[in-house]
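So the structure is just underneath, and the comments pick up after that.
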């Protein structure tokens, strides 16, 4: 029987894993020139950071560990800061 605490940790784990995996896949499909044009870290740099984040979350099995929390933060930074900048450039800079 799964306890309440175990259920909360399972939800946090799968949410963090989904978030990091989404950021990793999104970083891979964006054009490399967009990162440079937006003034962000290069595509291989973000792919390495986010790939490592997914690996850390899978290996530690909790996003609340000493390494898990920075991994989740890296995914959030990519999705909130880098993705909109690169995505906006690939669509001609239109914010709509």
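No lab work stands behind these numbers, since they all come straight from the coordinates. Keep in mind the model is a prediction, meaning the values are calculated, not measured. No Cβ is skipped: glycine too gets one built from the backbone with ideal geometry, and neighbour counts run over all protein chains shown.
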Arranged by the count of other C-beta atoms within 10 angstrom, fewest first, what order do 3, 65 take?
3, 65
Between the Cα axis of helix 43-60 and the main Cα principal axis of the chain, the angle (0 to 90°, nearest 10) is 10 degrees
Need the full-extension length gain, residue 65 to residue 2, defined as separation in residues times 0.36 nm minus the C-alpha distance. One decimal, nm.
20.6 nm
Helix 4-29: inclination vs the chain longest Cα principal axis, degrees, rounded to 10, gives 20 degrees
Expected output is a single nm value to one decimal: the length gained when fully extending between residue 80 and residue 12, i.e. 0.36 nm times separation in residues minus the C-alpha distance. What is it?
22.6 nm
Max mean-square fluctuation residue, GNM over the chain, Cα-Cα springs under 10 Å, options 76, 57, 29
29
Angle between the Cα long axis of helix 68-77 and the longest principal axis of the chain, 0 to 90 degrees, nearest 10?
30 degrees
